[in-house]
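Down below is the structure, laid out as structure tokens.
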Amino acid sequence: MTRTILAILLGCLPLAAHHAFGGEFDANRPVLLRGKVVKVEWVNPHAWIHVEITKSNGAKEVWMVEGGSPNSLLRKGVTKASLPEGTEVVVDGYQSRDHTVLRANGRNVTFTDGRKLFLGSSGPGEPPKDAVPTDQAKPPSR
């Protein structure tokens, strides 16, 4: 009886939806972001890296870059301390389907010394592993 009640109560709790890559990000909109890390959010279900880039006209933008879960990143040797604020990086990934925000799904982070971290971009709808991001971040539509 107690197990039945517990099962019913657990079934009533709201579940956090997890998106597939293709549901939120566009494999046809690759992006290469060059800038410095301004913030790292080590949270579930995805870690977030905030990167400040300088556009060709001198204006600055801060992009939110989604990585894998903290657990999956830790298994690959990536920790929150791997990306200290102020670190210059190049992030390759794919822009959000919602073009009103500066958000991308990150595949790799490359440091100025050539070291590379895999951010865990994967899932249904993800781009092919040999896809090459471009240097043209398309501005969000406003």
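The values are calculated or read from the model by the stated rules, or taken from the named source; none is laboratory data. What you see is a predicted model; the values in this text were computed from it and never measured. Virtual Cβ from ideal backbone geometry, glycine too; neighbours counted across all protein chains shown.
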(request) Filter the stretch 9-51 for residues that are of a type in the set (A, V, I, L, M), surrounded by 15 or more Cβ atoms within 10 Å (Cβ to Cβ) and modelled with pLDDT under 90 and give the result. (result) Ala27
(request) Would you point out the residue of the stretch 47-82, among those that are closer than 10 Å to Leu119 by Cα and small (Gly, Ala, Ser), that is nearest to the chain's Cα centre (by Cα)? (result) Gly67
(message) Given the criteria farther than 21 Å from Ala27 by Cβ, touching a strand residue (DSSP E or B) at 6+ places or on another chain (Cβ under 9 Å) and assigned to a loop (DSSP other than H, G, I, E, B), does Gly58 qualify?
(response) no
(message) Give me the residue from the stretch 95-142 that is of a type in the set (Lys, Arg) and part of a loop (DSSP other than H, G, I, E, B) and, out of that set, modelled with the highest pLDDT.
(response) Arg115
(request) State the number of residues belonging to the stretch 66-75 that are of a type in the set (D, E, K, R) and surrounded by 14 or more Cβ atoms within 10 Å (Cβ to Cβ). (result) 1
(request) Take Gly106 and decide whether it is of a type in the set (Gly, Ala, Ser), surrounded by 14 or more Cβ atoms within 10 Å (Cβ to Cβ) and closer than 14 Å to Arg34 by Cα. (result) yes
